[in-house]
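Below is the structure I would like to discuss, written out as C-alpha cells.
The values are calculated or read from the model by the stated rules, or taken from the named source; none is laboratory data. None of these values were measured; they are calculated from a predicted model. Heads up, the Cβs are rebuilt from the backbone with ideal geometry, glycines too, and the neighbour counts pull from every protein chain shown. Just the protein is used for accessible areas: all its heavy atoms, side chains included, with ligands, DNA and RNA removed. Shrake-Rupley method; radii C 1.70, N 1.55, O 1.52, S 1.80 Å.
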Amino acid sequence: MRIVVTGAAGFLGSHLTDRLLKEGHEVIGIDNLITGSCNNISHLAGNKKFKFIDHDVTDYIFIPGEVDWVLHFASPASPVDYLKLPIKTLKVGSLGAHKTLGLAKEKGAGYLIASSSEVYGDPRQHPQKESYWGHVNAVGPRGVYDEAKRFGEALTMAYNRFHGLDTRIVRIFNTYGPRMRAGDGRVVPSFICQAIEGKPLTVYGDGTQTRSFCYVDDTVEGIYRLMNSDYTGPVNIGNPVEMSINSFARKVLEVTSSDSNTVNRPLPKNDPAVRQPDISLARKILDWEPLVSLHEGLKKTIDFFKQN
Ligand code: UDP
C-alpha cells in the first residue's frame, strides 16, 4: 500500500514508518521538523519506498497519485514542547486533522488519527476506559494539546459519519524508546539523561502521581493492528503497568547503575494525578497487549541515549 505518515520525522512517526516499510508498504513521510528531526529518518536515505516532504500539514497537502492510508501523527507531543508552541499545537491537531482528512477523502484512503490519553485529562475514572468522556481544563496550559486531540477525534468521527470515510482513532498512552529527544522535557528522556550525567533526577511534585509506560515497539504493533482492523471507535494503546514517578526514578537509577539522587521541583499545573489504560478493548478486538517489560525497554532506551 501507499501510506502517508504525518510527523514521520518524530519519535513515534519514525518508528511507525520503519514498521510500515518493513511490511513492504511505500511511505510518504511529511514533517515540518519543528520538534521532529532528520536524524530519526536518516537511515532511510536512498530507500526507494520512502519519500520525505518537508511541509506544515496545517497548509493544503498535495500528493500526486494514489494513496491507500493517511496516518496523522504530527504534533508537538511533550508538555514542555506544547507549552512552548501552544498555537502550533492547536493548529496541527485541528487544522492538520482537517487537511489530512481532506486528503484521505480526496484519495478514497483509510484514515488513522493519533489521539492521546490526554483526552481523559486529569481523570476521575481509573483506569481509563474508552467510554470515559474525560476531565479536561480547556483553558489551562495543557488545554492546547488536550482540546486539539479532542477536536481531532470529533472531526474524524464527523468525516466517518458524514462522508463515510474509513477511520480509526488510537488513544496513545505514555510511550518511550530510542529517538525520544533529550531536551523534550518528558520524564523518560529527562530522568535517563540526568542519571547518565550524574545529575539529580527532577521529580515534579511529591512524585506520587502515576503513569504507565509502554515501549515503542509495543505501541507500534497496536497501531498497526488497529489500522488493519475494522474498528472505528477510539482504542486505548498503552501498557497497563502503573507506577508512581518516585518508583520510576528508582527504576531508572537501577537500570543505569547511577548514583544520582532525586530532587523535588514544583508540579506543573493540571498534571494528571493518575494514568493507566484499560486495554480490554485492544485485547479483545486486536488480540494485542504489550510484551516488552519496563526493564528491557529501558535498557534499549538507555543504550540509545548513551550512543547519542
Ligand atoms: N515529570 C517529572 N520530572 C521530569 C519530567 C516529568 O517528575 O523531569 C513528571 C510529570 O510531572 C508527570 C510525569 O512525570 O507527572 C510524566 O510527565 P511527562 O512529561 O513525561 O508526560 P505526561 O504524562 O505528563 O504527559
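From Leu291, Leu281, Leu286, Leu253, grab the single residue that is in contact with a Gly (Cβ under 7 Å, 6 or more places away or on another chain) and either touching a residue at least 40 places away in the same chain (Cβ under 8 Å) or among the hydroxyl-bearing types (Ser, Thr, Tyr) (or both). Outline the logic, then answer.
Numbers: Leu291 fails: in contact with a Gly (Cβ under 7 Å, 6 or more places away or on another chain); Leu281 fails: in contact with a Gly (Cβ under 7 Å, 6 or more places away or on another chain); Leu253 fails: in contact with a Gly (Cβ under 7 Å, 6 or more places away or on another chain).
It is Leu286.
Just one of (1) surrounded by fewer than 23 Cβ atoms within 10 Å (Cβ to Cβ); (2) touching a strand residue (DSSP E or B) at 6+ places or on another chain (Cβ under 6 Å); (3) farther than 20 Å from Thr219 by Cβ trips up Val57, so point out which.
The one condition Val57 does not meet is (1).
Residue-by-condition table, conditions (1) surrounded by fewer than 18 Cβ atoms within 10 Å (Cβ to Cβ); (2) at pLDDT below 95; (3) among the β-branched types (Val, Ile, Thr); (4) closer than 22 Å to Thr219 by Cβ:
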| site | (1), (2), (3), (4) |
| --- | --- |
| Ala9 | no, no, no, yes |
| Val27 | no, no, yes, yes |
| Ile30 | no, no, yes, yes |
| Lys49 | yes, no, no, no |
| Ile53 | yes, no, yes, no |
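Within the stretch 104-119, can you find the residues that are of a type in the set (Gly, Ala, Ser) and in a strand (DSSP E or B)?
First, the residues of the stretch 104-119 that are of a type in the set (Gly, Ala, Ser): 104, 108-110, 114-117.
Passing the criteria: Gly110, Ala114, Ser115, Ser116.
Let me ask something else about it. For Ile169, state whether it is within 16 Å of the ligand (Cβ to nearest atom) and either within 19 Å of Phe305 (Cβ to Cβ) or not in a helix (DSSP H, G or I) (or both).
On the way: within 16 Å of the ligand (Cβ to nearest atom): no; either within 19 Å of Phe305 (Cβ to Cβ) or not in a helix (DSSP H, G or I) (or both): yes.
Answer is no for this residue.
Is it the case, given these coordinates, that Asn160 is under 30 Å from Asp18 (Cβ atoms), in contact with a Cys (Cβ under 9 Å, 6 or more places away or on another chain) and polar (S, T, N, Q)?
Criteria not met by Asn160.
Okay, moving on. With the structure loaded, tell me whether Gly198 is near the ligand (Cβ under 10 Å from one of its atoms), assigned to a loop (DSSP other than H, G, I, E, B), in contact (Cβ under 8 Å) with a residue 40 or more places away in the chain and not acidic (Asp, Glu) or whether it fails that test. Show your work before the answer.
On the way: near the ligand (Cβ under 10 Å from one of its atoms): no; assigned to a loop (DSSP other than H, G, I, E, B): yes; in contact (Cβ under 8 Å) with a residue 40 or more places away in the chain: yes; not acidic (Asp, Glu): yes.
Judged against the criteria, Gly198 is not a match.
Then there is this: For the stretch 122-141, enumerate the residues that are surrounded by fewer than 23 Cβ atoms within 10 Å (Cβ to Cβ) and either in a helix (DSSP H, G or I) or in contact (Cβ under 8 Å) with a residue 24 or more places away in the chain (or both).
Going residue by residue through the stretch 122-141, those that are surrounded by fewer than 23 Cβ atoms within 10 Å (Cβ to Cβ) are 122-127, 129-141.
Within the stretch 122-141, Asp122, Pro123, His126, Pro127, Lys129, Glu130, Asn137, Gly140, Pro141 meet the criteria.
Given the conditions (1) part of a strand (DSSP E or B); (2) open to solvent by less than 40 Å² (accessible area, probe 1.4 Å); (3) within 16 Å of the ligand (Cβ to nearest atom), report the number of the one that Gly207 does not fulfil.
Going through (1) part of a strand (DSSP E or B); (2) open to solvent by less than 40 Å² (accessible area, probe 1.4 Å); (3) within 16 Å of the ligand (Cβ to nearest atom) one by one, Gly207 breaks only (1).
Which count do you get for residues in the stretch 262-287 that are open to solvent by 40 Å² or more (accessible area, probe 1.4 Å), within 14 Å of the ligand (Cβ to nearest atom) and among the polar types (S, T, N, Q)?
Matching residues across the stretch 262-287 total 3.
If a residue has to be surrounded by fewer than 18 Cβ atoms within 10 Å (Cβ to Cβ) and out of contact with any helix residue (DSSP H, G or I) (no Cβ under 7 Å at 6 or more places or on another chain) to count, how many in the stretch 218-239 make the cut?
Adding up the residues that qualify gives 3.
Residue by residue through the stretch 62-108, note down the ones that are surrounded by fewer than 20 Cβ atoms within 10 Å (Cβ to Cβ), within 16 Å of the ligand (Cβ to nearest atom) and closer than 17 Å to Gly13 by Cβ.
Leu85
Identify all residues within the stretch 249-260 that are open to solvent by 40 Å² or more (accessible area, probe 1.4 Å) and within 14 Å of the ligand (Cβ to nearest atom); write none if there are none. Outline the logic, then answer.
Initial filter on the stretch 249-260 (open to solvent by 40 Å² or more (accessible area, probe 1.4 Å)): 250-251, 254, 257, 259.
Listed by number, the residues that qualify are Arg250, Lys251.
Still on this model: Considering the stretch 175-204 alone, what residues qualify as being open to solvent by 40 Å² or more (accessible area, probe 1.4 Å) and within 21 Å of Ala148 (Cβ to Cβ)? Outline the logic, then answer.
Pass one, the stretch 175-204, residues open to solvent by 40 Å² or more (accessible area, probe 1.4 Å): 179, 181-183, 186, 196-200, 204.
Within the stretch 175-204, Arg181, Arg186 meet the criteria.
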